[in-house]
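Peer 1: Can you read through this structure? Questions will come right after.
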Amino acid sequence: MNARLAPHVLCWMLLVLSHPARADESYSVSSHYTKHEARIPMRDGVKLYTALYVPKDATRRYPILITRTPYGLRPYGVDNPSSWFPRRSLARAGYIFALQDVRGRNLSEGEFVDVRPLRAGASRAQARATDESTDAYDTIEWLLRNLSNHNGKVGMMGVSYPGFYTVAALVNAHPALRAASPQAPVTDWFLGDDFHQNGALLLAPAFSFIGTFGQPRPQPTRKPARPHEHDSPDGYAFFLQLGPLSNVDALHFKGRIGFWKDLMAHGTYDAFWKARAVVDHLHKVRPAVLTVGGWFDAEDLYGTLKTHQAIARGGARDARLVMGPWSHGGWDRGAGDRLGPVSFQARTSDFYHDKVEVPFFEHYLKGQRKLDLARVTAFETGTNQWRSHASWPPAEARPDRLCLAAAGRLTFSPPSTGAGSGLDEYVSDPDRPVPYVPNTSFEMPREYMVEDQRFASRRPDVLVFQTEPLEEDLTMAGPLKPLLYVSTSGTDSDFVVKLVDVYPDDFPNPEPNPRGLQLGGYQQLVRGTVMRGKFRSSFERPEPFVPWKATRLRFEMPDVYHTFRRGHRIMVQVQSSWFPLVDRNPQTFVDIARARPADFRRAMQRVHRSPTLPSCVGFGRMPRRI
């Protein structure tokens, strides 16, 4: 067998979640910091490996900045600076950095539990009861007692899974924790983060990530998990030939991956998932919080927005949000000036580090700078500029909608009685699902969130609706809210809605253009989300469709902040598969984790667009600005 690790899981585990130096910096960590290693005891006696980087200049006192991670801090050893060392912009400013393997991972003792549930209402007096909040608390307490040159103030930060640990530390936070920055935090693995969207399994990401990360670790080790092996470079063909979901464990994991078994056993929003919803615990958060995310984050856009909303609505003293034009963790990789062929015409990562992140921590942990930072700092794509707002979504955004109409038209008013009312239909075939990218690579490219959708719009099983060229700019801000009236010949179906920016034919090509890109007519994905139809009324209690009965399907897509420029068109696409990003729906009402080949059937799908059954996509429209 040809050993391959899916490139997107490599990206996730090594690139996205590390903190590489920015390309324009030559700052030497080893010249300014000394590395130490400690095993910090928790209240139950379990010891957690922690790498400490202490400034060599002992004439000052420094705040402590903590990152807790399940991904490992290799290379280990006091003579080997970890690749996880935080950003050089913060290192230059001067902090004590504490980087920790979480409980049960890598060199830390104990048992690892994925997105470990928090102990709601637990008392600090419960000496041996632990969760990620108590582990963070005990780590801070030990650091304050054992480090000599700190200033008594602590901050935390982390991207993705480490973002979850940062959020967990906000619950019953240690008094010394003054500032925290959860960045693209894992928040809810059923409703919208990483492995599910609205109850639909995100197959390719789950298979690749869990297959490697989920391998058991019986005792502390310096060695990384062995990459999961597969023998195909063609992701679409691999997952199609794999057949029903039950074959994943039977053919590949063979009972070794505990969390995959959990994933298959909990196919509804049950107590297993609800216990892991950390946002339910974010009441009256005391530390200042800077939540960070990217508009084109394929993994944890949902978590970023829900985390900020929960903290802000829960009565936090200071909750701020930053949203840039980034993929998952993109503010830590490169200049942030483009994603694939889409240019943002600015070094957005530099702006974030210099104007947002460093000032935030300097203000709350050192008190050295006046913090000139809005509650919300968001990058408006399309016009490619930073905007400041007092809240998110912006208060000035007004409800509007785009409605599906006859002949593939998209209008700002619902259908009227007479010509043009009716429905559109297509056949959804589980044996020939719509791909989510035009190529067949096993890799899940970061750029798929802005992928050219022309390959999909030409398929007969994708409905396409678009406006006339816009006569003036139109800016959408906030969540998208599809309301579809659908019917199907089956008893379950997925419906994928995509919002697309169609460039004019004379849109200029990039300069230089080594790939020979033709951007005239480019159909840029702005947002796409799947809704598993059986969860339309409840994520806890799925229900079948009644064949051919028109049924309302209402759901919410993660927020956008995008301007469709004058001369562009707005497009909406509707389809019933998005493979292998999303697992195949058999289109029969079954437990998909246990579906048999005979359960997968073709279905006729209908999307209604009549005066009594108007299918529309709601959005927030911003006032016109010049």
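Peer 1: Determine ³J(HN,Hα), in whole Hz, for all residues of region 72-83 in sequence, where each value follows from phi through the Karplus function 6.51 cos²θ - 1.76 cosθ + 1.60 and θ = phi - 60°; x replaces Gly and Pro.
Peer 2: Along region 72-83, the couplings run x, 10, 5, x, 7, x, 5, 8, 10, x, 6, 5 Hz.
Peer 1: Tilt of helix 301-313 relative to the longest C-alpha principal axis of the chain, in degrees (0 to 90, nearest 10)?
Peer 2: The helix 301-313 is inclined about 70 degrees to the chain.
Peer 1: Using amide H atoms built in the peptide plane, which far-off residues or other-chain residues are under 5 Å from LEU65 H to H?
Peer 2: Amide H neighbours of LEU65: ILE96, PHE97, ALA98, GLY155.
Peer 1: Would you grab the residues whose amide H sits under 5 Å from the one on ARG338? Only those 5+ places off in sequence or on another chain, please, with H modelled 1.01 Å from N.
Peer 2: Answer set, sorted by chain and number: PHE344.
Peer 1: Another question, then. What is the distance, in nm, between label points placed 7 Å from the Cα along the Cα-to-Cβ direction at GLN368 and at ASN146?
Peer 2: Result for the modelled spin labels: 2.7 nm.
Peer 1: For the chain, what is the charge dipole size about the Cα centre, in debye to the nearest 20, if Lys and Arg each add +1 at the Cβ and Asp and Glu each add -1 at the Cβ? List each step's numbers first, then the result.
Peer 2: Values: 79 positive and 65 negative charges, 299 e Å.
Here the chain has a charge dipole of around 1440 debye.
Peer 1: A further question on this structure: Rounded, prolate or oblate: which one fits region 262-360, using the alpha carbon gyration tensor with axes a ≥ b ≥ c (rounded when a/c is under 1.5, else prolate when a/b beats b/c, else oblate)?
Peer 2: Judged from the Cα gyration tensor, region 262-360 comes out oblate (a/c at least 1.5, b/c at or above a/b).
Peer 1: Given only helices, namely DSSP H runs of n ≥ 4 each adding -39500 (n - 2.57), what is the per-residue ellipticity at 222 nm of the chain, to the nearest 500 deg cm²/dmol? Display every interim value, and only then the final one.
Peer 2: Working: 13 runs with 100 residues, N = 626.
Value at 222 nm, helices only: -4000 deg cm²/dmol.
Peer 1: May I pose another question? Measure nothing fancy, just the Cα-based angle from helix 203-213's long axis to the longest principal axis of the chain, in degrees from 0 to 90, nearest 10.
Peer 2: Here the helix axis deviates by roughly 20 degrees.
Peer 1: Only bridges with both residues in the chain count here: give the DSSP antiparallel percent, nearest 5.
Peer 2: The antiparallel proportion sits near 70 percent.
Peer 1: Separate question: Indicate the gyration tensor shape class of region 398-621 (rounded, prolate or oblate), computed on the Cα atoms with a ≥ b ≥ c the square roots of the eigenvalues: a/c under 1.5 is rounded; otherwise a/b larger than b/c is prolate and the rest oblate. All intermediate terms of the calculation are to be shown ahead of the outcome.
Peer 2: Numbers: a/c = 1.89, a/b = 1.27, b/c = 1.49.
It is oblate, given that a/c is not under 1.5 and a/b is not larger than b/c.
Peer 1: If you add up the charges near TYR71, with Lys and Arg at +1 and Asp and Glu at -1, over every other residue whose beta carbon is less than 12 angstrom from its beta carbon, what do you get?
Peer 2: +2
Peer 1: Hey, another quick one. What dipole magnitude, in Debye to the nearest 20, does region 398-621 give about its Cα centre under +1 on Lys/Arg Cβ and -1 on Asp/Glu Cβ? Can you show the working numbers first?
Peer 2: Details: 30 positive and 27 negative charges, 141 e Å.
Here the size comes out at about 680 debye.
Peer 1: Could you tell me the convex hull volume per residue, in Å³, taken over the Cα atoms of the chain?
Peer 2: Cα convex hull per residue, to the nearest whole number: 153 Å³.
Peer 1: So which lysines pass the test for LYS481, namely a Cα distance under 26 Å, with those fewer than 8 places away in the same chain ruled out?
Peer 2: Partners within reach: LYS274, LYS306, LYS498, LYS534, LYS549.
Peer 1: Loop only by DSSP, 15 or fewer other Cβ within 10 Å of the Cβ. Give me the GluC sites (Glu not before Pro) in region 339-413 that pass, ordered by residue number.
Peer 2: Within region 339-413, the qualifying GluC sites (Glu not before Pro) (loop, at most 15 other Cβ atoms within 10 Å) are GLU396.
Peer 1: Net charge around GLU451, counting only other residues with Cβ within less than 15 Å of its Cβ (Lys, Arg = +1; Asp, Glu = -1)?
Peer 2: So the environment of GLU451 carries a net charge of +3.
Peer 1: Lys and Arg at +1, Asp and Glu at -1: add these up for the other residues within a Cβ distance under 11 Å of ALA346 and post the number.
Peer 2: So the environment of ALA346 carries a net charge of 0.
Peer 1: With an 8 Å Cα cut-off and a minimum separation of 6 or more residues, compute the relative contact order for the chain in percent.
Peer 2: The value is 15 percent.
Peer 1: In whole Hz, with x marking every Gly and Pro, tabulate ³J(HN,Hα) for region 184-192 from phi via Karplus 6.51 cos²θ - 1.76 cosθ + 1.60, θ = phi - 60°.
Peer 2: 6, x, 4, 10, 8, 7, 10, 7, x
Peer 1: Averaging sequence separations of C-alpha pairs under 8 Å and six or more residues apart, then dividing by the length of region 398-621, give the relative contact order as a whole percent.
Peer 2: After rounding, I find 38 percent.
Each value in this text was obtained by applying a stated rule to the coordinates, not by laboratory testing. A quick note: this is a predicted structure, and the numbers were derived from the prediction, not measured. With ideal geometry, Cβ positions are generated from the backbone for all residues, glycine too; neighbour counts draw on all protein chains shown.
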